[in-house]
Structure formats: structure tokens, C-alpha cells
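Everything below concerns the one structure shown next.
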Amino acid sequence: MNSTDLNYDILIVGAGPVGCVLAERCATQLGYKVLLIDKRAHVAGNCYDRFHESGVMIHQYGPHYFRTNSKSLLDYLSQFTEWIPGNYFVTSFFRNKYFPFPINLLTLAQFFGKESLTPDEAKALLEEKRENIDFPKNSEEFVLSRVGKEMYEAFYLGYTLKQWDMHPRDLSPSVCGRIPIRFNTDCRYVDHEYQLTPKEGFTALFAKMTNHPNITIQLETDFSEIIQKPPIVIYTGPIDEYFDYGFGKLAWRSLQFDFQVKDSEYVQDNVQINYSNDFDYTRTVEIKHVTKQVHPKTVISYEYPKAEGDPYYPIPTDANHALYLRYKELADQETETKNVYFCGRLAEYKYFNTDEVIENALRTFELLKSKHGR
Ligand code: FAD
Ligand code: UDP
């Protein structure tokens, strides 16, 4: 940073959804001069999408299915994009057949070889299958208590072992609890009221959001390179890294994506296929089903879970949470004494979806405004 940079009112570390939203709010609502940095070569964080060499749009860091129940959040984002319907349909591959997933009446009928099932028939069937666990303490107990052993082993066990390299009994119930179980024929992946995809993609959305004369974006710049810091800092990177891993490293799960071009318009019937079997990958994604791009070719992304690599998933165990709380105590002091605010999936070590981190960013902005607004 050179001497002219001292004129910035705020430094925002990380140009993911949180960094972009806070940059936009500070620039437009407080008139702040904002320096927004990211160590990567692009904005949008893990929501980043781009055109692959084949010309097909891909989601570089895994499929991002935008969903929210908040009309006001949608209105806010709609300033920067038009939308297309989400259409997030997932199937699970088991014994050479594709089952609608999350489990719903159609999955249950197909799995148990019935012509069809009413909600009452399905409830009675699962009453026979499920295990009597009133307060599930982990993901295994959660699934067993809902659908029983057969479906747990068919759809959850293998996938979870691959995804986390941990047994579901060692993971919080919230991990498999993310997936609804339905007594209707709704086959959508998630339940939210609004399921939409930015028409030109997430990168275009966040680029438009941060296109403001008060915002300077510096890419391929790490926080450690910034010597002279403005009076307020927002940090959206990993919290343990900020404190030089003083209490030890937080555990993260990573992924490797293998993008393969296929010479036909579509290969899969729906955007995502999950494999709870012994294939090395967990899921295959054909994001064209969501982007609705018209193109003679398609790209399939194979996802291979990894221990090393970019930090994608905080690992929700009691030990990791306890370690995070030690860092959080330091972070709270840093906010109090140095005006450094911590926000986002990496900074809060929490498995947040995009709508949730944006809501958090808007709350952080209100806090910041009440303390520093002018
Ligand atoms: P990020 O998007 O991670 O952005 C943080 C940015 O900070 C990064 O660009 C990083 O390079 C930068 N940074 C970190 N440290 C430094 C540093 N020291 N110096 C400079 N820059 C730094 N959400 C959904 O709503 N729907 C989905 O379907 C969905 N699917 C997902 C699939 C996968 C595989 C993953 C990993 C996440 C998914 N998410 C999904 C979650 C979504 O990606 C996050 O909620 C969202 O991106 C979090 O925004 P953020 O700004 O907190 O962090
Ligand atoms: N899961 C599973 N089988 C599936 C899909 C998900 O067992 O077919 C479990 C797995 O542990 C996963 C969790 O449910 O990590 C949450 O799934 P989701 O698809 O929401 O994960 P994400 O999209 O965040 O990777």
C-alpha cells in the first residue's frame, strides 16, 4: 500500500459475497472510500462462475444453488441482476437406478417397490423402518431416526464417509439434517420460497454490485501484503489464519473439481447426481440445467473430497467448535479495540449458505454504521 492508500476509510479482506455486499453498503450508504482486496484473481468468492474453455459456463468452486426465504434480501440483490428459475433437481444413484433425492414419496415408492404411496402410507412405512431415537446426537442417529437403516445405507452412509472422511456418527446432526425428508412429491433439492439463479451468473452480479467510484478492487492481493491499514477492517478470511494459528489450525474439508467436456447438449437428466457408493467422487454436476445456457456441448464436474486444499467446509464437530470459540473470543476483542470485524463462512467457521452470509453481512453493516456512521 502506498501513501495515497491511507485515504481509504475501510479495508475489506475477501471479495466473496460478504466482502462485496459490505463494500457496496459502505460505499453507497456511508460514502466511505473502500479498498476491497482478494488473494484470488476474481471477485465472487466461492460463488465464482466463468466460461470454461469449451464456452460452457461452469461454477468453478462447486454448484451454487441460490435460495432464500427473504423477499427483502431478494429485492436488495435484484438491483444487480435479473433472475432465472433455479430448477435444482438432484437424483441419487443406487444399484444402477436413479432415485429422486431428497427422499420424498416418489423415492420411497421406488425404493420399496410400491406403485405409489400416500403421505399416510409413507408415514406408516417409515414408522416400521425408523429407529426410536428421540434426540439424535449425531448425523447417523438423525437419519436412522427418520428413515431407518436401509435408506441410511443406500443414500447417506457412503456419501458422508467420502465427503467428510468421517463416520456420520462423528458428525453433528446438522450435517445430514441439511437434507429435508418429505411426505409429498416435491423433488426440489431445497425447500426455500425463492429458488433463483442470477441471469448472467454470480460473478456478473458481484461485479455490478462493486462497480462504484468509491470502491477500489485489488485482486491477487493477500491481507499480509497490506501494511498501512485504514481505521476500519472487515475480515472474511479464515479466522485461525488471522491469528497466525495461535491456538492451532481449524479443520476444513476441501474438494477437487474435475471438469470434463462432453460432445452433446446434455448428458444428465438433471443438474446433480449423488453417488453414495464406492466411486471416488461424491457427485457429478451439469450446471447447464441451472444456467439454461444454449450450447452444443456440455461440461460435467466431478467432485472429489480432499483433506488438503482451499478451505471449503468447516467440519462441524464439538472439538472444532470449541477451538473456534477460542478464536472468536480474540476476534471479539479485536472488534472492540481495533475495529476489525469478522464476517462470513471462513471468518465465522460456519457452514453458511450464500443467502445466510449476505444476511449476516447486512447485519454487520448495521453494527458498523451504528458505531462509525457519519
Ligand atoms: P467466500 O465466498 O469463501 O469468500 C471469501 C474470499 O476471501 C475468497 O475469495 C478468498 O480468496 C478471500 N480471502 C481469504 N483469505 C484472504 C486473505 N488472507 N487475503 C485476501 N483475500 C482472502 N451456498 C448456497 O447458497 N447454495 C449452494 O448451492 C452452495 N453450494 C456450495 C458448494 C460448495 C462446494 C461450497 C464450498 C459452498 C457452497 N455454498 C453454497 C456456500 C457459499 O459458497 C458461501 O456461503 C459463500 O461463498 C460465503 O461467502 P463468504 O464471502 O463468506 O466467503
Ligand atoms: N448427504 C448424503 N447423501 C447425499 C447428499 C448429502 O449423505 O446424497 C449428506 C452429506 O453428509 C452432506 C450433507 O448431507 O455433506 C449435506 O448435503 P448438501 O448437499 O447440502 O451438501 P453441500 O451441497 O453443502 O455440499
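Quick one: what are the phi-derived ³J(HN,Hα) couplings along region 96-101, Karplus 6.51/-1.76/1.60 with θ = phi - 60°, whole Hz, x for glycine and proline?
Taking θ as phi minus 60°, the curve returns 6, 10, 9, 10, x, 9 Hz for region 96-101.
Out of residues 5 or more away from residue 341 or on other chains, whose amide H comes under 5 Å of its own, with H placed 1.01 Å from N in the peptide plane?
For residue 341, whose amide H was placed from the backbone, the distant partners under 5 Å are 233, 234, 235.
Please report the net charge: other residues with Cβ closer than 9 Å to the Cβ of residue 87, K and R +1, D and E -1.
Numbers: positive: 188, 292; negative: none.
With Lys, Arg at +1 and Asp, Glu at -1, the net is +2.
Would you mind checking the pairs 162/328; 33/328; 71/199 and listing those with alpha carbons more than 24 angstrom apart? Could you put the intermediate results ahead of the total?
Values: 162/328 30 Å; 33/328 28 Å; 71/199 18 Å.
Beyond 24 Å between Cα atoms: 162/328; 33/328.
Among 100, 17, 136, which one shows the highest mean-square fluctuation when the chain is modelled as a Gaussian network with alpha-carbon springs under 10 Å?
Evaluated over the chain, the most mobile residue of the options is 136.
Where in region 295-327 are there chymotrypsin sites (Phe, Trp or Tyr not before Pro) that are in a DSSP coil and have at most 11 other Cβ atoms within 10 angstrom of their Cβ? Mind dumping the intermediate values first?
On the way: sites: 302, 312, 324, 327; in loops: 312.
In loop regions of region 295-327 (DSSP not H, G, I, E or B), there are no sparsely surrounded chymotrypsin sites (Phe, Trp or Tyr not before Pro).
Could you please state how large a percent of the accessible area of the chain is carbon and sulfur, counting protein chains only and using a 1.4 Å probe? Could the numbers behind the result be given before it?
Values: 8390 of 17360 Å².
With neighbouring chains kept in place, the figure for the chain is 48 percent.
Which of these, 197, 291, 335, has the largest mean-square fluctuation under a Gaussian network model of the chain (Cα springs below 10 Å)?
335
If amide H atoms are built 1.01 Å from N in the plane of the peptide, which residues on other chains or at least 5 residues away come under 5 Å of the amide H of residue 197?
Excluding prolines and chain starts, which carry no amide H, the hits are 84, 86.
Using a simple charge model, +1 on the beta-carbon of Lys and Arg, -1 on the beta-carbon of Asp and Glu, nothing else, what dipole does the chain show about its Cα centre, in debye to the nearest 20?
Values: 41 positive and 51 negative charges, 101 e Å.
Roughly 480 debye for the chain.
At 0.36 nm per residue, minus the direct Cα-Cα distance, what do residue 74 and residue 356 gain on full extension? Give it in nm, one decimal, please.
Working: separation 282, 0.36 × 282 = 101.52 nm, distance 1.20 nm.
Residue separation times 0.36 nm, minus the Cα-Cα distance, leaves 100.3 nm.
Using the Cα atoms of the chain, I'd like the radius of gyration and the largest Cα-Cα distance, Dmax, both in angstrom.
When restricted to the Cα atoms of the chain, Rg and Dmax are 22.0, 73 Å.
What does the accessible area per residue of region 223-374 come to in Å², with a 1.4 Å probe and no ligands, DNA or RNA counted? Display every interim value, and only then the final one.
Values: 7440 Å² over 152 residues.
On a per-residue basis, 49 Å².
Taking the alpha-carbon distance from residue 39 and a cut-off under 22 Å, which lysines remain once sequence neighbours fewer than 8 residues away in the same chain are dropped?
Straight-line reach from residue 39, under 22 Å: 208, 229, 249, 306, 350.
Taking just the alpha carbons, could you work out the radius of gyration and Dmax for region 237-374, both in angstroms?
Every Cα atom of region 237-374 included, Rg and Dmax give 19.7, 58 Å.
Considering the zone a paramagnetic label at residue 278 would reach in this model (a point 7 Å from Cα along the Cα-to-Cβ line), which residues of region 78-117 have amide N under 16 Å from it?
Residues 94-96 qualify, since their backbone N sits under 16 Å from the label point.
Running a GNM on the chain with Cα contacts under 10 Å, which residue among 27, 319, 154 ends up with the highest mean-square fluctuation?
319
What's the longest uninterrupted piece of the chain once you rule out the GluC sites (Glu not before Pro) that are loop residues per DSSP with at most 10 other Cβ within 10 Å? Don't skip to the end; give the middle numbers.
Values: sites that count: 53, 82, 115, 193, 308.
With GluC sites (Glu not before Pro) excluded where exposed in loops, the chain gives 194-307 as its longest stretch.
I'd like the FRET efficiency for residue 127 and residue 98, computed as 1/(1 + (r/R0)^6) with the beta carbon distance as r and R0 of 25 Å, rounded to 0.05.
Numbers: r = 27 Å, r/R0 = 1.07.
After rounding to 0.05, the efficiency reads 0.40.
Would you mind counting up the charge near residue 302? Only other residues with Cβ under 10 Å from its Cβ, with Lys and Arg at +1 and Asp and Glu at -1.
Working: positive: 283; negative: 258, 280, 303.
Combined, the nearby Lys, Arg, Asp and Glu give -2.
If you count the DSSP beta bridges with both ends in the chain, what percent of them are antiparallel, to the nearest 5? Each step should come with its number before you reach the end.
On the way: 31 of 50 bridges.
Percentage antiparallel, nearest 5: 60.
The values are calculated or read from the model by the stated rules, or taken from the named source; none is laboratory data. Quick caveat, the model's predicted, so the values are computed rather than measured. A quick note on method: Cβ atoms are made from the backbone with ideal geometry, for glycine too, and the neighbour counts reach across all protein chains shown. SASA here: full protein model, heavy atoms, side chains in, ligands and nucleic acids out. Shrake-Rupley method; radii C 1.70, N 1.55, O 1.52, S 1.80 Å.
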